[in-house]
Each structure stands twice: as structure tokens, then as C-alpha cells.
Amino acid sequence: MVLPPGQRAIDGFPRFGTHLHHPPPQVPADPVIEVGGTVSEPFVLTTGDLAELPRVELKADFHCVAGWSATGLRWEGIPFATFYRLRVEPLLAPAVSITHVVFEGLDGYQSIALLEDALGEDVLIADRLDGEPLTSDHGAPVRLVSPSQYGFVNTKHLCRIDFHTSAPPDPDRFSPLAAHARARVWNEERHRYLPGRVVRPIYHRLIGPIRALSARGSRESTE
Ligand SMILES: Nc1nc2c(c(=O)[nH]1)N[C@H]1C(S)=C(S)[C@@H](COP(=O)(O)O)O[C@H]1N2
Ligand SMILES: [Mo]
């Protein structure tokens with residue numbers, strides 16, 4: 001099996017992320033995704049709206065920036081590009097040119113992607129994994145899946161999508177571990193300042209402790 005540079009396959013698919021000190025957020029009874037930014041009028045995307053969009057299945061590996069890869073995952077959902085072309089583009093004024101997308105989760109987590117990357121054909125608004133609805137560990141009720149980019153772009157528990165015409169400020173831009181703007185796994189674009197090879201050994205030491213922390217916060221392992 002060929003993995004992107006600096007990645008190692010692990011067994012299973014751990015709950016992971018930067019918000020692991022909290023249990024996964026509760027899913028509201030009627031979950032919605034608020035859509036805003038530079039669209040003419042902000043709008044709300046309900047589960048029913050999503051159900052009307054064409055669905056696809058996608059088999060892909062998942063690569064965390066810390067260096068682990070979960071292999072052979074089977075996602076189902078709506079291609080992000082389909083949602084954008086059918087529901088967002090028609091609302092844009094002719095002169096508006098979207099460059100960036102901000103994804104937000106119910107736990108307050110945010111990721112930023114270039115529109116160009118978000119429109120990749122393997123990018124989904126996913127609601128199922130391996131034939132089952134997403135569990136709270138993996139992003140219920142819906143999450144972004146962009147397997148060509150590091151895990152940190154793949155915002156779970158999606159509740160907001162904002163479209164921008166220039167780069168929005170990254171709250172972590174002054175951190176040495178600030179995210180790479182493109183985060184493409186095959187180019188090893190892990191971070192904005194530090195080359196991927198430099199952070200590999202540090203991350204490899206952190207994966208074990210973070211997984212242990214994550215197992216404690218997981219609803220699945222505590223219920
Ligand atoms: N809402 C939310 N989404 C998130 C995170 C998070 O902490 N909260 N962590 C990110 C990171 S760093 C990774 S590696 C993946 C982990 O996805 P998993 O928990 O399904 O393995 O989720 C990403 N999306
Ligand atoms: Mo990650």
C-alpha cells in the first residue's frame with residue numbers, strides 16, 4: 001500500500017483532533033448547516049435540503065497531519081462541488097469571485113480551505129461511514145471529507161460554511177504549527193512555516209498520548 005510521504009498506516013480509525021478535551025458535541029434534534037459569507041443572503045441547509053442533492057460513495061484513506069493514516073474508509077454523502085454549483089453559485093453576484101471557504105463544527109472547531117481545493121472531486125459533505133450513519137466520534141451528523149488534504153481540513157459536526165473573496169485570518173497564523181493553506185497530503189503540506197520532515201518525529205511521539213486522551217473523551221468507549 002502506498003501512503004503519502006511521512007504517513008504510517010494504523011489499525012482502525014481513532015477519534016482524533018484538537019478538541020478532544022471535550023466529549024463530541026450533542027447533535028441537535030433538527031441539525032442545520034448555516035451558509036454565509038459572501039453569498040447574497042445567508043441561508044440554512046436542512047437535512048431535507050441535503051437529501052435532495054445527488055449522493056456518491058467514496059473509498060479513501062484518511063491522513064492526519066500527526067502522521068497516522070486510516071486506510072480503506074468508505075464514505076457516503078454529497079460532493080461539495082455539487083452543493084456549491086447547485087446551491088451557492090446561483091446566489092452569487094456576477095462580479096463575486098470566491099477564493100476561500102471556512103468550515104465550522106458544533107464544537108467550535110474551524111478549518112479554512114481554498115475554494116479550488118474544496119471543489120476537488122473527492123471532497124464530500126459526508127453523513128455515512130462504512131455503511132452506517134456517522135457516529136459522534138467521527139463527526140455526526142455530517143462532516144467535511146477531503147481525503148487529499150490532512151485531517152485538520154476535514155471539519156466534523158459541520159454547522160456552518162462561509163464563503164470569502166480573500167483569505168480570512170487564520171487564528172493560528174502566528175503559531176509555529178500554523179496550518180498549511182493547501183494541506184495537500186501528497187505534497188506533504190503539513191504546516192505553513194515548518195517543513196513536514198521536521199515535524200514528523202515530534203508528532204510520532206504524540207500520537208499515542210493523544211489517542212489515549214481521545215479514547216477517554218469518546219462517547220463510544222464510555223457508553
Ligand atoms: N469539529 C472538529 N472537526 C475536526 C477536529 C476537531 O477537533 N473538531 N479535528 C480534526 C483533525 S486534526 C483530524 S485528524 C480529524 C480526525 O477525524 P476523526 O476523529 O474522525 O478521526 O478531524 C478533524 N476535524
Ligand atoms: Mo489531525
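The values are calculated or read from the model by the stated rules, or taken from the named source; none is laboratory data. The structure presented is a predicted model; accordingly, all values stated were derived computationally and were not measured. We place every Cβ from the backbone using ideal geometry, glycine too, and count neighbours over all the protein chains shown. We work out accessible area using only protein heavy atoms, side chains counted, and drop any ligands, DNA or RNA first. Shrake-Rupley method; radii C 1.70, N 1.55, O 1.52, S 1.80 Å.
Listed by position, the strands (runs of 3 or more DSSP E) contained in the stretch 4-62 that have at least 2 residues being closer than 30 Å to His204 by Cβ and in contact (Cβ under 8 Å) with a residue 12 or more places away in the chain are 8-10. The set of residues in the stretch 24-40 that are farther than 13 Å from Lys156 by Cβ and within 14 Å of ligand 1 (Cβ to nearest atom) contains only Gln26.
Being open to solvent by 40 Å² or more (accessible area, probe 1.4 Å), under 19 Å from the mean Cα position of the chain (by Cα) and farther than 19 Å from Phe83 by Cβ is the requirement here; does Ile202 meet it?
Criteria not met by Ile202.
Apart from one condition, Glu76 fits all of (1) out of contact with any Leu (no Cβ under 7 Å at 6 or more places or on another chain); (2) within 23 Å of Leu194 (Cα to Cα); (3) in a strand (DSSP E or B); (4) not hydrophobic (A, V, I, L, M, F, W, C); the exception is (2). Listed conditions (1) surrounded by fewer than 18 Cβ atoms within 10 Å (Cβ to Cβ); (2) under 25 Å from Asp130 (Cβ atoms); (3) without any contact (Cβ under 8 Å) to a residue 60 or more places away in the chain; (4) of a type in the set (D, E, K, R) are all met by Glu76, apart from (1). Within the stretch 200-214, being without any contact (Cβ under 8 Å) to a residue 60 or more places away in the chain and more than 16 Å from Ala9 (Cα to Cα) holds for Ile202, Pro209, Ala212.
Selection within the stretch 85-95: residues that are touching a residue at least 12 places away in the same chain (Cβ under 8 Å) and open to solvent by 10 Å² or more (accessible area, probe 1.4 Å). The member of this set that is nearest to Thr38 (Cα to Cα) is Leu92.
The set of residues from the stretch 41-71 being within 16 Å of ligand 1 (Cβ to nearest atom) and open to solvent by less than 40 Å² (accessible area, probe 1.4 Å) comprises Leu58, Ala60, Phe62, His63, Cys64, Val65, Ala66, Gly67, Trp68, Ser69, Ala70. Whether a residue is closer than 30 Å to Leu3 by Cα, of a type outside the set (Lys, Arg) and touching a Lys or Arg at 6+ places or on another chain (Cβ under 7 Å) was assessed, and Glu76 passes this test.
Across the stretch 121-137, what is the total count of residues that are open to solvent by 20 Å² or more (accessible area, probe 1.4 Å) and either of a type outside the set (S, T, N, Q) or within 14 Å of ligand 2 (Cβ to nearest atom) (or both)?
Number of matching residues: 9.
Could you check, for the stretch 146-163, whether at least one of its residues is at negative phi, more than 13 Å from the chain's Cα centre (by Cα) and not basic (Lys, Arg)? Within the stretch 146-163, one or more residues are at negative phi, more than 13 Å from the chain's Cα centre (by Cα) and not basic (Lys, Arg).
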